[in-house]
Each structure stands twice: as structure tokens, then as C-alpha cells.
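Input: a single structure, listed below in C-alpha cells.
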Amino acid sequence: MSLLRHDLYIGPIGAYIDPPFPVKKALITHGHADHARAGHDSVLATHEAVGIIKRRYGEDAAKHYQGVAYGEKVQMGEVAATFYPAGHILGSAQILLECKNQRIVVSGDYKRRSDGTTVPFEPIKCDIFVTEATFGLPVFQHPDAHAEISKLLISVKNFPERSHLIAAYSLGKAQRVIKLLRLAGYDAPIYLHGSMINMCAFYQENGVDLGDLRKATGLPKGALKGQIVIAPPSATKEVWARRMDDPVICMASGWMTIKQRAKASGVELPLMISDHADWNELITTIPETGAGEIWVTHGREDALVHWCQTQGLKAAPLHIQGREDEQAEDAA
Amino acid sequence: MKDFALLLESLVLTPARNAKIAHMVQYFKDAPDPDRGYALAVLTGAMSFKNVKSSFLKNVVLEKVDPVLFELSYDYVGDLAETIALIWPDKEEGELPSLSELVLELRDLPQKQLPALVATYLSRATASQRWAIIKLATGNLRVGVSERLAKTALAEFGKKPLDDIEHIWHGLQSPYLDLFAWLEGKGPIPEIHRHKVFHPMMLSNPVDEAKDFAGMNPADYQAEWKWDGIRVQLVLGEGETRIFSRTGEDITHSFPDLADTLKGTGVLDGELLVGADFKPMSFNSLQQRLNRRTVTAKMMGEFPSFVHSYDILFDGDEDVRGLPLSERRKRLEAWVMRYGNTRLDVSGIIPYQSWEELAKIRIQGAEEEGHEGIMLKRKDSAYVAGRPKGPWYKWKRDPRLIDAVLMYAQRGHGKRSSFYSDYTFGLWKGNEIVPIGKAYSGFTDQELVQLDKWVRNNTINRFGPVREVKKELVFEVAFDSAQQSARHKSGVALRFPRINRIRWDKPANEADVLENLNQFFN
Ligand SMILES: [Zn+2]
């Protein structure tokens, strides 16, 4: 029996990694909806990821939870699983599976840049590396996130009569943007869409200082003039956004690299801030793991598989059910 | 160049007209002469360059980037210029040229030197700047700024009436130093020579039968047939004869048979058609004469060109655009009588008493003569450039509808370049579907995103930029007319096809059969 199948089923222990359907035993890399869902019997994840799952889906999202710390080895029969930081969002992990002499690392989503809201990624030596490929094309070369924040702050200064409404995924991206703003010295209150408050509070409880956060609702007319407001991408197009004063629609996402995509989403000020590895990070990480075999999932598999093959590595795309629609996922 | 790149990026990403204007006004304030003048020339399309081919830049990229990775990237991004800008593998230290420097280099340097020079600049630029340089150097700007919008920004920048700018526009030359001097109050309004230039045309709006007619008195309007040819402006006098298209393009060379016969001094507005004795042939016949490099005697014999004139802008040297239409009409009739041109007459006026009566005439005209519709013009209207709401209406005949099946999709251009937005659709002929036309419009941006996704998920074949899709999606296609055409595989050609509705609900086997088009033939 192989240790890991292409659908990320761990045969020897009858468990799945990030299954998109309810299973008896799930090992979960992080709390995003396309990786963590409700309805499993038992869940093994980092303490923070367990916290996020409970916050998002309720305490009864799973029957049993087992939280682990980074680097803590969990032995399950002949298989050992260790969660290492992935640098993607709070509590995100790569999962190292060890069985006999074989080591497999499932990266989950990851990025290589430190961001002040998560523990930075560390490359783990392994035989098979299962990598994400959300931005697996050489056109994706994310610029420095701090420069993107300066662009935003210049616009805030130039248009004091307008609100700046930033579309950002409510788990991970929103907190990262807030943290970046704080690091850039922006200490004014930041206003939030109601659906963000829960996760921001969770980050603050876990020691990520996000400063003065306020609810964007129930304010007198004109109160949001010149202010920064953060909302999930769906809300920016809804009635909700009408409370803003002629808002400059911004979006924080790696997809913003492509102008026509930004334009199609109605974004006036694109912020190329991504929580995923860009092309250069993907192709530096792969050799760092020392793996001779690469499985590619989550996004633009073809290009990365091709690149691996030109490097003499064995590589295969995984087309995992429920993951095809990554592009619509705002978490990028 | 850096400021101009920022301007282009803002313009591309700003959907709102007013915000686009604000960005341009700010640029005109900040940028020095002659940069802003060249920017204006580039934005309005008065200057464009084609001496650098994107294929050259692509080859530079391919020296360092794996071709498979390049193709996958291009397929994803959709726009070649943007793909090259994002993937550009070289970096070097160095200054970027100013916009004027770059524009003059693109215009004046020997063509052989340009690609290498542009490649050097690309290596010094950021991804966004590279995108702007490539757009500029390959003559492929498309940032959603019309000439009209740029002029509106100029008017706002200089606090001058837009009409004043329109009046002199076609006599101005880049880099527009005299224009900017006037706009900034540092010089007089630039003088232009009226006989050599195109004067912007007056255009109409579609009439909304339900809303507009209630407030319109039939006695106030002059009705004319809307001829199915091409709208032209004749600029005549001082030994010059020029035929301009609606956009101001000089098309005199395509119609020497007409141009050689025209006598008189003045500027006239009319419809160019083909046919003998002022009897128009179909638009298809006219098309034989358009966009040809050489005009053969045979073509001119088979499809002789003539003009039905609608209006007069200059009677001799006198600018009559400010007169009411009723007065201009008298001037026009007298002018045409005076010179007795053999291929120029006056488009007739349709007598009518009420809207109901005119509606009957309109339907009859469409059915019996194949007329496109009727023009309604206020008798007291001045001739104003652009598309003012109110004085002129077009009352087109109702579109025809047919349910067709999507067959192929191709990526669009400009803001749609990363979407599959050009659709080929077909109708049933026995057990197969035969293509009958292509449509690029009629859907919202949101629908475009859905369609793009549908295309990507239902592709069964790829031929270069074209995807063949499962024959499962039905479009309700609207079109103005259908004609038999030997050039099309299906034997029919549609005019102005557009997607009226996407019938997500309708199974493909319920789409129309080809014979259903027969009823629409003229
Ligand atoms: Zn994620």
C-alpha cells in the first residue's frame, strides 16, 4: 500500500489530507474553505487552525479535534505526521508524513515572505513534495507588499474626499493588509465589514496586534470619508458598499498582477499582495526540499510540472475534486 | 515616461468617465510641454507607431524563457503585450526616456534600430512601465479613452467650451503647443484652415418609442430615410475634394469615380452608396468597394458610387452649422441645384402627420425597400458635433431574433483580451450545426465572466487562439438583416449580430434551424 495516493488519501491510517468531502479522519493544513470543511469525524490540525475551524463552522464542525504545535510529531500506527509552518495564514501548515524510510511533504498553501501574522515557512527535506501552484506561471512575480501598501497610502492622501474600500478575503488577507498598514505607520482606525470582525478578533487573541479596528456600519453619513475600509470581495459590489463616499475600489490579491483581470473585477487600485508563493518562490522551494518527485496541485499545474521535468524531476499534476475553481477563491 | 505609464494604468483601470477625465486633467497640469502634447496625440490616436512588432519582443523573451512556459502564460494572460511585460527576463540599470524622447525616437529613428532600443528600455522598466512602453511602441494602446473624452478633459483643463475645441480639432497638429497655450490663457485660439479638414459630425440617438414620442411633436421633426451605406463628409473647394468617413478618415482614394465628379465649394454631410441612377444596391455590394487598396475600373463600373446628401455645414466659405436645420435644408437644396453634380443628390424628406403614420411608413420601407430605419431631426436643430441627446433620433427597424448555438470562442481585444469574448454561433442543418455569424457584444461584463468560464470548462478542441466548445449553449441572437452570401459556408450573412440573451435554460436541440432565417431575407 502506498503511503499517499494522488487524492491525498493516507492508506496505512485511512485518513485524508484536506478532503473536500466529509471523512472519518482528516488532517487539515489550514482553515481556508477549500481545505477545511465541516462534517468530518475527527480533525488533526494546528491549534490555531482548529480554533479557526471552530470559529468559522461552530464547535460541532467535527466530532473530535486534535490540535498540535508546529514541529510536534504525531505517531499513528506506522505513520508519523508533523506539522511545519507554511507562512500562508495564521496556523497554516505543511504536513510531513513519515513511514518506514519514506518522507512526503504536503505543502498546503504557502508563501515565502514573512508577514508578521504567521510563522514563516521552512523548507522540509523529503522524497515527494506535494506543492500548490496557484501562481504557477512565470508571469506571476509578486512585487514587494510594502511598496503596494505605499501605493495605497499615496492614494489615500491624494483623494481625501473618497473612502478606500479594500476587497480582501476575510481570513488571512484582511489581517495581513491591516498588519502591513500598521507596519507602514498607519495608525488611524481601520473600518471593517461585519464578517471580518470575528477573524480579526481571533488573530488579536493569538498575539497578532492589529491596532484600532472598528465596525463600518452604524456610522453617521460622511464618517468614512478619507478612511480605509476592508470588506470581503463579494461585499464591495453589494448595497453594503453604498455607505462609502465615492469609494476607490482596491483589491489585495495576487491576481491583481494581471491588469485585465483587475479591470474585469472593477478594481481601480490593484494591490498585488498575495499569500501564495509566486513563480520564483515555487521554483526555489522545490529544489530546497531535495525531493525527486513533485506532485502539483491547486492551480496552474501544467507549467510547474513542465518546469520540474526540465529540471530532471519526476512530476505529476493532481486534479483534486473541489479544487478546480481556485481562481474564484479570493484568498489568493 | 514614468508619469505617462501611470496615467495609462489609471485610465485602463478606471471605469468611471469622470475619474478618467480627472486623471487626464491632472496629467495635463503636471506634465511639461511637449510631453503632454504627445500624450494627447497618442491617447487620441493622432499618433501611433507600428515599427516595433510584438513578435520581435516575444523573440527576445524566448531567448531566455522556455517556450512552453511562455505559451502557457500567454494563454492565461490573453494579451501578448501584457504577457511580455510581466515575463520580461532582463534587468539593467539606467534611465527611461521622457515621453517626448520616446515618441520622437519611435517616429524618427530608422526602423532597424528601434526594436533593440525598445528592448533596452524594457529592461530598465517595472512591469507596469513595460506594459505602457510596449503598448506605445507596437501601436496598440486601447486604454478606453475616446477622442471625445480626451477633448472633454482638455475643455475641463482649460475651462473652455468643448465645442470650441471640436471646431478647431482637426486643424491642429501634435504636440499641440498652440492648443495648450490657448487653454492655459497664454495665447489666442489656434486658427485653422476650414477647407482641408474634417469637421466632426453630428450623430443621433436611438429613439425610445415608449418614452420619447410622448414628448415629441411630429410637426417639429423632419423625417428622412436612414440609408444603409456609409456616412461621409464631403469637403470641397479650392481645387480640393475630400471624402471623409464618419471618424474623419480620408477615404477619397477609395472612391475616385465619385471624387472626380464633385464640383462646388462647401462641406456636406451625406450617405455614400453604390448603384446607378441613385438607386442603392445592398450593403454587401458597397462592401466590395471598402478597404481596397486599388480600385479597378471593373469595380467602379459594377458598383458605381454616389452620395445622398443630408446636410450642409459650410455653404461656400460660410459656416452655416449654427443655422436651424430648416434653413440649412434650403441652403443644401440650393447648393445641390447650383452645381448640378451627377453623383450627388439630396436625400428626400418623408411627409407624415403623426407618429402612427410614420410607423407604418417605416415598416413598409423596411419590408419593401430594405431601409434600415428612419432619421428624425428637429427642424430647429443646429449642427453640433457629437451625439447630443434630443435633436436627432434614429428609429431603427426592430431587430430580428434567432436562437443559435455557440460553436467557437476566441479571445477578445483590449479590456477583454483575457476573456473568450468573440463567439461564433450556428444553426441546425439536418443533424449538424453550421456557423452563421460572430458576435462580440450584447452581454454584460458579468455575463462575460460566466461565458468565459463556460468556454474554458466546455472546450473540446483548440486551434491556436480559438476554442471549439461543446454544442450546448444557446444564444438568442439579434440582428438587423440577413442576406444570402456565397462567401459563407451556411450561405447566409447577418448584419450587426449581437447577443440579445444567453439562454442558459434552453437545450441546444431547441435552437433554430437554418431555414428559419429565410423569412428574414430582403
Ligand atoms: Zn489557503
Tally the residues that are within 16 Å of the ligand (Cβ to nearest atom) and either in contact with a helix residue (DSSP H, G or I) (Cβ under 7 Å, 6 or more places away or on another chain) or assigned to a strand (DSSP E or B) (or both), restricting the search to the range A:101-110. 1
Just to check your reading of the model, which residue among B:ARG130, B:ARG107 is in a helix (DSSP H, G or I) and over 25 Å from B:HIS23 (Cα atoms)? B:ARG107
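Please list, ordered by residue number, the helices (runs of 4 or more DSSP H) wholly in the range B:6-103 having 3 or more residues that are within 21 Å of B:GLY464 (Cα to Cα).
Of the helices (runs of 4 or more DSSP H) lying wholly inside the range B:6-103, those with at least 3 residues that are within 21 Å of B:GLY464 (Cα to Cα) span B:54-62, B:67-77, B:80-87.
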Exactly one of A:LEU304, A:LEU318 is in contact (Cβ under 8 Å) with a residue 40 or more places away in the chain, surrounded by 20 or more Cβ atoms within 10 Å (Cβ to Cβ) and either within 14 Å of chain B (Cβ to nearest Cβ) or not small (Gly, Ala, Ser) (or both), and that residue is A:LEU304
Leading residue by the ranking (nearest to A:VAL106 (Cα to Cα)) among those in the range A:27-59 that are touching a residue at least 12 places away in the same chain (Cβ under 8 Å) and of a type in the set (D, E, K, R): A:ASP34
Which count do you get for residues in the range A:29-38 that are surrounded by 24 or more Cβ atoms within 10 Å (Cβ to Cβ) and in contact with a helix residue (DSSP H, G or I) (Cβ under 6 Å, 6 or more places away or on another chain)? 3
Looking for whichever is within 14 Å of another protein chain (Cβ to nearest Cβ), under 30 Å from A:ALA184 (Cβ atoms), under 20 Å from the mean Cα position of the chain (by Cα) and within 16 Å of the ligand (Cβ to nearest atom) here; the options are A:THR118, A:THR134, A:THR29, A:THR46. Which one fits? A:THR134
Contact list please: Cβ distance under 7 Å, first residue in the range B:211-233 and under 18 Å from B:GLU357 (Cβ atoms), second residue among the hydroxyl-bearing types (Ser, Thr, Tyr) and not in a strand (DSSP E or B), pairs at least six apart or on different chains. B:PRO218/B:TYR352; B:PRO218/B:SER354; B:ALA223/B:TYR352; B:GLU224/B:SER347; B:TRP225/B:SER347
Output the residues belonging to the range A:79-100 that are part of a loop (DSSP other than H, G, I, E, B) and either at pLDDT 95 or above or closer than 16 Å to A:HIS35 by Cβ (or both). A:ALA86, A:GLY87, A:HIS88, A:ILE89, A:LEU90, A:GLY91, A:SER92
Criterion violated by B:PHE180 - all others in (1) in a loop (DSSP other than H, G, I, E, B); (2) outside the structural domain of B:ASP260 (by TED's automatic domain parsing); (3) surrounded by 18 or more Cβ atoms within 10 Å (Cβ to Cβ) satisfied: (1)
Given the condition within 14 Å of the ligand (Cβ to nearest atom) and either at pLDDT 95 or above or surrounded by 16 or more Cβ atoms within 10 Å (Cβ to Cβ) (or both), answer yes or no: does some residue in the range A:122-131 qualify? yes
If you scan the range B:326-349, which residues turn out to be in contact with a Lys or Arg (Cβ under 9 Å, 6 or more places away or on another chain), surrounded by fewer than 17 Cβ atoms within 10 Å (Cβ to Cβ) and not in a helix (DSSP H, G or I)? B:GLY340, B:ILE349
Based on this model, can you work out whether B:PRO115 counts as modelled with pLDDT under 90, within 13 Å of B:SER54 (Cβ to Cβ) and surrounded by fewer than 24 Cβ atoms within 10 Å (Cβ to Cβ)? yes
Within the range A:225-263, the residues that are part of a helix (DSSP H, G or I), away from every other protein chain (no Cβ under 11 Å) and either within 19 Å of the chain's Cα centre (by Cα) or not polar (S, T, N, Q) (or both) are A:PRO233, A:SER234, A:ALA235, A:VAL239, A:TRP240, A:ALA241, A:ARG242, A:ARG243, A:GLY254
Quick check on my filter: what residues within the range B:130-161 are among the small types (Gly, Ala, Ser), within 14 Å of another protein chain (Cβ to nearest Cβ) and more than 17 Å from the chain's Cα centre (by Cα)? B:ALA132
Just to be sure, is A:GLU288 surrounded by 18 or more Cβ atoms within 10 Å (Cβ to Cβ), part of a helix (DSSP H, G or I) and more than 10 Å from chain B (Cβ to nearest Cβ)? no
Which residues, taken from the range A:255-280, are buried (at least 24 other Cβ atoms within 10 Å of the Cβ) and within 16 Å of the ligand (Cβ to nearest atom)? A:ILE273, A:SER274, A:ASP275, A:HIS276, A:ALA277, A:ASP278
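Looking at A:ILE17, A:ILE53, which is the one that is within 16 Å of the ligand (Cβ to nearest atom) and under 23 Å from A:SER195 (Cβ atoms)?
Result of the check over A:ILE17, A:ILE53: A:ILE53.
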Among residues of the range A:95-113, those that are of a type outside the set (A, V, I, L, M) and either within 18 Å of A:ILE13 (Cβ to Cβ) or over 13 Å from the mean Cα position of the chain (by Cα) (or both), counted: 6
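The values are calculated or read from the model by the stated rules, or taken from the named source; none is laboratory data. Quick caveat, the model's predicted, so the values are computed rather than measured. Every residue, glycine among them, receives a Cβ derived from its backbone with ideal geometry; neighbour counts consider all protein chains shown.
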